[in-house]
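Below is one structure, written out as structure tokens; comments come after it.
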Amino acid sequence: LGYIAVGILAWLFGDPRHVLYPRNSTGWYCGIGPNENRPNLFYFDVLKCAMSVNIMAQSLNGFQCPTTQVEKAAEFCSFTILLCFLSRLSELFIFFTTHRCLILEIQQTFLMQACDCCFCVSIAGIWHCYWEYENFKDTSISDVGLTTNFKTYLQVQETWLTFLIIISVVEVIILLTVIFLRTRILIAIALIQESSKAISHMMSALLYPLVTFVLLLVCVAYWGAMALYLATSGDPIYKVVALNTTMGDCGNINGTSFSPSDYPGCPSVSCIFIKYNEEGLLQENLMNLQIYNAVAFLWCVNFVIALGQCTLAGAFASYYWAFNKPNDIPTFPVCGGFMRSLRYHVGSLAFGALILTLVQVIRIILEYIDHKASGAQNRVARFIMTCFKCCFWCLEKFIKFLNRNAYIMIAIYGKNFCVSAKNAFMLLMRNVIRVVVLDKVTDLLLFFGKLLVVGGVGVLSFYFFSGRIALPGNTFRSSSLNYYWMPIITVAFGSYLIAHGFFSVYNMCVDTLFLCFLEDLERNDGSMEKPYFMSKSLMKILNKSNKTLKKHREN
């Protein structure tokens, strides 16, 4: 409500035309009104602007160029390449949406075989290093000495012995990890497979990043508009001055009212803008209002992200706690999660977003202080500032992690933020090894997924924009591009943003099902009163089963 009130106040007293449109020497706006077809401003003599900065600053308490300024018609610009890029990006978006299930299956297959790829590569590396070590057994590093040719060091036995030791240590670490954490790795893989099944039953979840994107655009637009209106909230102040001060009749002109007939001997007299009025309660607190605008903007952005996380968590939790899948899954799980979040959990989401916002504000203040003190030679002060920045960076990461899991618990049980954050943290700490394994396996999966999407789109865009391939019926010609690497980089970056948005849904699904899985293990025992809700693959890995099913089979 306070943010809306400040926005209304800025809208009532602000006038963004002062910033969006230039003015000519007579005070008329360029691009609107009688000058609608002449949006650009033309200076008769630009050199006078550079030569008169100090003079005008002293005499007028502001800067205005003392040369005639007139409006000018705009020139035509072609946006063919931009439109082509937007159309290609939308096609990539549709392709990624429709083929995402296939991509996830490929990733799962790769993940299951990842360890056997790792073992084979490590063994091959060990054999190659030993073979090279035997070949250069008679050459020592003492025979080579110091040289700038690094290829020479590849021809000595110490180099390959070092590589052999490093790869062997890595191989032993991977082997021990697989041996002692095999069950936990299998649980992580089963949860990832279960996440793919959950998304396949609620494909609308893939479209929710678009809702988050639209809401973030609204926040950015409101913040930008409010900042602009606040910056122009003061009334403009004008003065009557003579642009040509060499004439005797123009020497004493510096008034506030303007009429050309009052100055017949000074044809260069004009009324020009000096500054904005800084008097008044609103104008005196503009800086405070701009700071409030920035902090509220961060709060709104964090709230929108929290709303999306809670919505998706509610949808995926409804999948896990459905005993008979997919028959017990709600009809519209994503819409249901969104409505529950808005109806019951707005306060909890806003409180969690506020905590994160306060940490981010402190980080911004530290960055500002560090920027201002960048020229200081005091190493102790710089060390302390670096430590503060590092600590608050870690704190922000921890708050994001805690908030994310707190929102999942809020979506499951409906309790307030503090209780949910405490329960989520204690639950994760009781299963810290599973948390680490699942996190690393999921990161590996998402990394290769993003690499697959960005790499594939980058290669296709390279062949398209370089003219090596042409789509049938396409009128675009790559020969019109002077530098085709720029659209390639733009398309690759856009594909990364799209992939990141969609894979964030997948990551949220994994985290939600993982917390539900841990809660299922602690609260249920497989009896008729407390049956397990986990999938059969997870129960098989943990050697667990529901007694209800056993009795049914025996009968």
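The values are calculated or read from the model by the stated rules, or taken from the named source; none is laboratory data. Predicted model only: the values in this text are computed from it and were never measured. For neighbour counting, all protein chains shown are included, and Cβ atoms are generated from backbone atoms with ideal geometry for every residue, glycine included. Calculation scope for accessible area: heavy atoms of the full protein, side chains included, ligands and nucleic acids excluded. Shrake-Rupley method; radii C 1.70, N 1.55, O 1.52, S 1.80 Å.
The conditions of being open to solvent by 70 Å² or more (accessible area, probe 1.4 Å) and of a type in the set (A, V, I, L, M, F, W, C) are not met by Val437. Taking first residues from the stretch 302-318 that are under 13 Å from Cys509 (Cβ atoms) and partners that are open to solvent by 10 Å² or more (accessible area, probe 1.4 Å) and not in a helix (DSSP H, G or I), the Cβ contacts under 6 Å between residues at least 6 apart in sequence or on separate chains come to Ser318/Pro330.
Here's the yes/no breakdown for (1) modelled with pLDDT of 95 or more; (2) among the hydroxyl-bearing types (Ser, Thr, Tyr); (3) open to solvent by 50 Å² or more (accessible area, probe 1.4 Å); (4) assigned to a helix (DSSP H, G or I):
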residue	(1), (2), (3), (4)
Asn288	no, no, yes, yes
Phe297	yes, no, no, yes
Val304	yes, no, no, yes
Pro326	no, no, yes, no
Val334	no, no, no, yes
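Close Cβ contacts (under 9 Å, 6 or more residues apart or on different chains) running from residues in the stretch 529-555 that are at pLDDT below 80 to residues that are of a type in the set (D, E, K, R) comprise Lys547/Asp525.
Just wondering, is there one or more residues in the stretch 170-183 that are modelled with pLDDT of 85 or more and part of a helix (DSSP H, G or I)?
Initial filter on the stretch 170-183 (modelled with pLDDT of 85 or more): 172.
Next, only the ones that are part of a helix (DSSP H, G or I) stay: 172.
Within the stretch 170-183, one or more residues are modelled with pLDDT of 85 or more and part of a helix (DSSP H, G or I).
Considering the stretch 387-422, the residues that are over 24 Å from the mean Cα position of the chain (by Cα) and more than 17 Å from Ala306 (Cβ to Cβ) include one that is least open to solvent (accessible area, probe 1.4 Å), namely Cys387.
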